[in-house]
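What follows is one structure encoded as structure tokens, with my remarks underneath.
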Amino acid sequence: MKIPGLDVEFFARPITPIGSFSEARNVLTSGLAQVLSQIERCHSTVYLALTGGLDSRTLFAVLLASGIKFEAVTQVFPGGGSNDAKVAEDLCRYAGVRHRVVPMEEPDIGNAVALRCHTADSVDDADQRYLIPGNSYRFLGNGEALIRGGCFEIGRRYYQHQLGNIAISEATGAQVSSRFGSVLDTEVIQFLDSWLSWRRSHENGLDLTDNFYLDQRLGGWLSAVEQALDILPGTSVQPVNCERFFSSLMVPMSQEERCTGALQREVIRTLDRNLLKIPINPVKLEVKLRNVASATRRKVNSVLQWIREY
């Protein structure tokens, strides 16, 4: 975007998946080590947002293997992972890393208002509802960095369940919107139609699933979240947010391998296989049943949409 005219100029930057699994593992491992070392050099203290998930554990493994001094924090809030604190504690006990659990404080509506003003009210997620109002970043000070595990999901085909069988060449805004089980809002549909038209005229070799993740989840949602965190005294960093890592995470593999995070697991296994002995994202039975019900509902909605169209 050119200032002050606000004209937008597009630079074609096609993302080409790395050709082999071993090469992708090496690029992801060495590249993350380099980026995380740079973060350590530029900040007085490094924190890792550690949960029970695969992404933060991948960063945890690279930080340990690189000899980087860091502390781990786990934010506790409604709707967060029920086992996050326990898994993070087990990992840190094994590795000898300091770990702290950060519960919410009494919500401050003023913080929520500041966040909305800072982002033109474009964010509605855990930061908006819980973390910023609940002062859950109070551990982060000036000159300190918080490392977060966003962006990894492109390796796991995050929107495969919703969009996997829609060809980008034929997709419509109404069709895409319906796959998320939302009310068909005219303005949203028009926006999606506009985006699809633009994306088709700026092809990058990726399908609808990967393009939706890059343009909407990263370019839309996550960029707004990170802008919101500019109001914090320290720095929030998403180290995976670059083309080099996207290319490695999208290495040609089977659909199942990508969805299960085979590459991230291999990075962890290569650096310290003991880190995989602690369960990743262990969930209770009721959560599993809720996930099955949600997946079934998405499939039913897809069938109904197909019936309406044909």
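The table for this structure:
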item	result
Residue-averaged 222 nm ellipticity for the chain, from DSSP H runs of 4+ at -39500 (n - 2.57), nearest 500	-13500 deg cm²/dmol
Gyration tensor verdict on region 57-98 (Cα atoms; rounded if a/c is under 1.5, prolate if a/b is larger than b/c, oblate otherwise)	prolate
Whichever aspartates and glutamates have a C-alpha closer than 20 Å to that of K69, once near sequence neighbours (fewer than 8 apart) are set aside	E40, D55, E89, D90, E144, D272
DSSP-defined antiparallel bridges as percent of all bridges, the chain, nearest 5	5
The chain, relative contact order in percent, only Cα pairs under 8 angstrom and at least six apart counted	28
Region 115-189: GluC sites (Glu not before Pro) in DSSP coil with no more than 13 other Cβ atoms inside 10 Å	E170
Surface/4 of the Cα convex hull for region 91-207, nm²	11.5
Once exposed loop trypsin sites (Lys or Arg not before Pro) are cut out (DSSP; at most 13 other Cβ, 10 Å), longest piece of the chain	139-276
Of the DSSP H helices in the chain, those whose Cα atoms cover at least 20 Å axially and whose Kyte score averages -0.5 or more	21-42, 186-201, 285-309
Largest-first ellipsoid semi-axes for the chain, taking √(5λ) over the Cα gyration tensor eigenvalues, angstrom	31, 24, 22
Spatial separation of Cα centroids for region 69-91 and region 161-230, in angstrom	31
Sites matching GluC sites (Glu not before Pro) across region 1-103 that sit in DSSP coil, with at most 15 neighbouring C-beta atoms within 10 Å	E9
Alpha carbon convex hull of region 80-157, volume per residue in cubic angstrom	152
Segment M1-R98, extension gain: residue separation times 0.36 nm, minus the distance between their alpha carbons	30.7 nm
Heavy-atom surface of the chain, accessible at 1.4 Å and reported per residue (Å²)	52
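The values are calculated or read from the model by the stated rules, or taken from the named source; none is laboratory data. Here the structure is a predicted model, which is why all the values come from computation and not from measurement. Virtual Cβ from ideal backbone geometry, glycine too; neighbours counted across all protein chains shown. What goes into the accessible areas is simple: the full protein's heavy atoms, side chains included, and nothing from ligands, DNA or RNA. Shrake-Rupley method; radii C 1.70, N 1.55, O 1.52, S 1.80 Å.
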